[in-house]
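Undergrad: Take a look at the following structure, please.
Any read-out appearing in this document is the output of simple, stated calculations on the displayed coordinates, not a laboratory observation. The structure presented is a predicted model; accordingly, all values stated were derived computationally and were not measured. A quick note on method: Cβ atoms are made from the backbone with ideal geometry, for glycine too, and the neighbour counts reach across all protein chains shown.
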Amino acid sequence: MKRRSALLLLLLLTACSLFAAHAAGGRAVEAANTFPRRCIALTFDDGPSPQTTARLLDGLRERGAHATFFLIGEQIAGSEDLVRRMKDEGHQVGNHSFTHARLDAADETALGEIRKTDEALRAILGEGDYWLRPPWGFSSDALKAAVSVPMSFWSMDTMDWSVRSRDLVSYAITSEAQPGDIILLHDPYESSVDAALQAIDVLGAQGYEFVTLEELFSCFGVTPKAGHFYLRPGEEVSW
C-alpha cells in the first residue's frame with residue numbers, strides 16, 4: 001500500500017513538473033515572438049555625391065541593408081541615375097533643402113528651398129511623401145506647421161563630417177547603437193561610407209536590421225505624422 005501511494009505521488013509530481021515546463025516554454029515562445037526586431041536606420045545627408053554614393057549603394061546592396069538619403073536639391077542634376085537607383089534598390093529618399101540652407105524661418109525663401117527639392121525629386125521618382133531633414137537640425141513651430149510630411153532629426157550624431165575616420169565612426173555606431181536609433185552620417189565622405197559598411201557588418205552579426213525611416217517606424221508600430229520632428233519612433237524633438 002505504501003509502495004502504491006509512493007508511486008502515485010511520484011507520477012503526480014512528474015505530471016506537475018511537465019505541465020510547468022510546458023507553460024514556461026509557451027511563455028518563452030510567446031515572448032520571443034513579440035520581442036521587437038532590432039531595427040536601426042542609417043541616414044545619409046548632403047548627397048548625392050558622384051564620387052562616393054555609388055560605392056555606398058553597392059555596399060548596401062551586397063549586405064541587404066536599406067538606408068535613407070536626404071538629398072540637397074542643387075546636387076541632383078547630373079546624378080539622376082543615382083537617385084533612381086536609391087529608390088529602385090529599396091532605399092528612402094528625402095529632402096535636405098535645395099542649397100543646404102536654414103529653414104527654421106519658414107518664410108518664402110525657406111519654403112522655396114523645400115519646394116524646389118521636392119520638384120526635383122518628383123521629376124525623377126514621381127509623386128510621393130519626401131520626408132524633410134532641415135539642415136543642421138534647425139526647426140521651429142512655424143516650419144512644423146508649414147510642412148506636409150514628417151521631419152527627421154537623429155538620436156545618434158556620429159560627427160563623421162569632422163572625425164573623418166572609418167574606425168572611430170564605426171566604433172561610435174557599434175558601441176552605442178540601440179534598436180530604434182536614427183543615425184546621422186554623410187555619404188560625400190569616403191571615410192563615412194567605409195564606416196557605415198563596417199558598422200553594418202558588425203551589428204548585422206548581432207542580429208540588427210538596417211532599414212529605412214518608414215520601415216523603422218513600422219517596425220516599432222508608430223505612425224509618423226506630418227509636421228512632427230522625430231528623434232526616433234515615438235520620440236520627438238522638444239524644441
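Undergrad: Which of the GluC sites (Glu not before Pro) across region 49-131 are loop residues per DSSP, with 11 or fewer other Cβ within 10 Å? Before the final figure, lay out each step's value.
TA: Working: sites: Glu62, Glu74, Glu80, Glu89, Glu108, Glu113, Glu119, Glu127; in loops: Glu89, Glu127.
Taking region 49-131 and a limit of 11 other Cβ atoms within 10 Å, the loop GluC sites (Glu not before Pro) found are Glu127.
Undergrad: Quick one: if you stick a label point 7 Å off each Cα along the C-beta vector at Glu119 and Ala205, how many nm between them?
TA: Inter-label distance under the simple model: 5.0 nm.
Undergrad: With each label point set 7 Å from Cα along the Cα-Cβ vector, what nm distance links Glu176 and Ala145?
TA: 3.4 nm
Undergrad: Sketch the reach of a paramagnetic label on Asp129 as a point 7 Å from Cα along Cα-to-Cβ, and name the residues of region 192-233 whose backbone nitrogen lies under 20 Å away.
TA: The answer is 211-233.
Undergrad: Using amide H atoms built in the peptide plane, which far-off residues or other-chain residues are under 5 Å from Thr158 H to H?
TA: Close amide H contacts, sequence-distant or interchain: Leu184.
Undergrad: Give me the one-decimal nm value for the distance between modelled label points at Phe138 and Arg164, 7 Å along each residue's Cα-to-Cβ direction.
TA: About 2.4 nm, to one decimal.
Undergrad: I've got another one for you. Can you compute the FRET efficiency between Thr109 and His228 using 1/(1 + (r/R0)^6), with r the Cβ-Cβ distance and R0 = 22 Å? Round to the nearest 0.05. Please report the intermediate quantities before stating the final value.
TA: Values: r = 23 Å, r/R0 = 1.07.
Using R0 = 22 Å, I get an efficiency of 0.40.
Undergrad: Something else now. In what sequence, highest mean first, do 186-198, 48-60, 202-214 appear when ranked by Cβ atoms within 10 angstrom? Kindly include the intermediate steps, with their values, before the conclusion.
TA: Numbers: 186-198: 22.3, 48-60: 19.3, 202-214: 17.1.
Taking the mean over residues of other Cβ atoms within 10 Å, the ranking is 186-198, 48-60, 202-214.
Undergrad: Taking a point 7 angstrom from the Cα of His100 along the C-beta vector, which residues in region 137-156 have backbone N less than 14 Å away?
TA: Of the residues in region 137-156, 137 have backbone N under 14 Å from the label point off His100.
Undergrad: I need to check one value: relative contact order of region 67-168, counting alpha carbon pairs closer than 8 Å and at least 6 residues apart, in percent.
TA: On the way: 133 pairs, mean separation 27.4, N = 102.
Reported relative contact order: 27 percent.
Undergrad: Let me ask something else about it. Would you pull out the residues with amide H under 5 Å of Ser152's amide H, same chain only if 5 or more places away, H placed 1.01 Å from N?
TA: Leu132, Arg133, Tyr230
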